[in-house]
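Have a look at the structure below, then the notes.
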Amino acid sequence: MENGVQQTPATTTPPSPPMPKVGVAVFLLKGSKVLLGKRLSAVGHSTFALPGGHLEFGESFEECATREVKEETGLIIDKTEYLTVTNNVISEKVHTVCVFIRAVPVDVNQKPETLEPEKCAGWDWYEWNNLPKPLFGPLEDMVQSGFNPFPTT
Ligand SMILES: Nc1ncnc2c1ncn2[C@H]1C[C@H](O)[C@@H](COP(=O)(O)OP(=O)(O)OP(=O)(O)O)O1
Ligand SMILES: [Mg+2]
């Protein structure tokens, strides 16, 4: 101690190891179409993916789905239903457990808006039988495995 000023001991925090995150992705269905947008984020850049994002602390999957779709597209969704979960080791640094939710727009005439232009080039409805390419890796894997998000009735 000099001049009566207490020195704070230097502390070194070890770098925390990368951890898996929880993502929520939404199959927003309109008739036989699904809403997709071309990603502009580093992960999956230029691939077509569902709206969605990371689960926030304290949120339910359905709350996250509703919030992310509203933030990214402006669309208000309804009838949120859990579909499935996948484990995605996307790169050395990105590992996401992704929960898939199905939903429908409250107003089928409401147009999706590109509210996060730094993350998505634009949203559009695509026929499930005629999806654009390339799809975001985890979504492509699901399609290849024969997954179908539409209700069986
Ligand atoms: N269609 C999908 N299939 C599989 N995983 C997905 C899908 N969409 C998103 N994810 C996973 C991987 C992403 O790294 C993660 C978060 O989604 P992403 O769209 O990148 O976040 P975000 O930037 O919109 O939201 P946030 O601001 O919450 O991070 O969720
Ligand atoms: Mg997103």
Exercise. Which pairs have Cβ atoms under 8 Å, sit 6 or more apart or on different chains, and link a residue in segment 106-127 that is farther than 19 Å from residue 41 by Cα to one that is part of a loop (DSSP other than H, G, I, E, B) and among the hydroxyl-bearing types (Ser, Thr, Tyr)?
Worked result: 127/32
For this session: Only residues that are in a strand (DSSP E or B) and more than 13 Å from the chain's Cα centre (by Cα): list them for segment 28-45, please.
Result: 29, 30, 33, 34
For this session: Can you give me the number of residues within segment 75-93 that are away from ligand 2 (no atom under 14 Å from the Cβ) and not in a strand (DSSP E or B)?
Result: 4
Problem set entry | segment 53-77: number of residues that are among the small types (Gly, Ala, Ser), more than 8 Å from ligand 1 (Cβ to nearest atom) and within 12 Å of the chain's Cα centre (by Cα) | 1
For this session: Go through (1) among the aliphatic types (A, V, I, L, M); (2) buried (at least 20 other Cβ atoms within 10 Å of the Cβ); (3) under 21 Å from residue 133 (Cα atoms) and name the single condition residue 55 misses.
Result: (3)
Exercise. Scanning for something among the acidic types (Asp, Glu), touching a strand residue (DSSP E or B) at 6+ places or on another chain (Cβ under 8 Å) and over 15 Å from residue 48 (Cβ atoms), does segment 100-108 turn up at least one residue?
Worked result: no
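Taken together, the values in this text are just the output of simple stated rules run on the coordinates, not laboratory data. None of these values were measured; they are calculated from a predicted model. Here the Cβ is made from the backbone with ideal geometry for all residues, glycine too, and neighbour counts use every protein chain on show.
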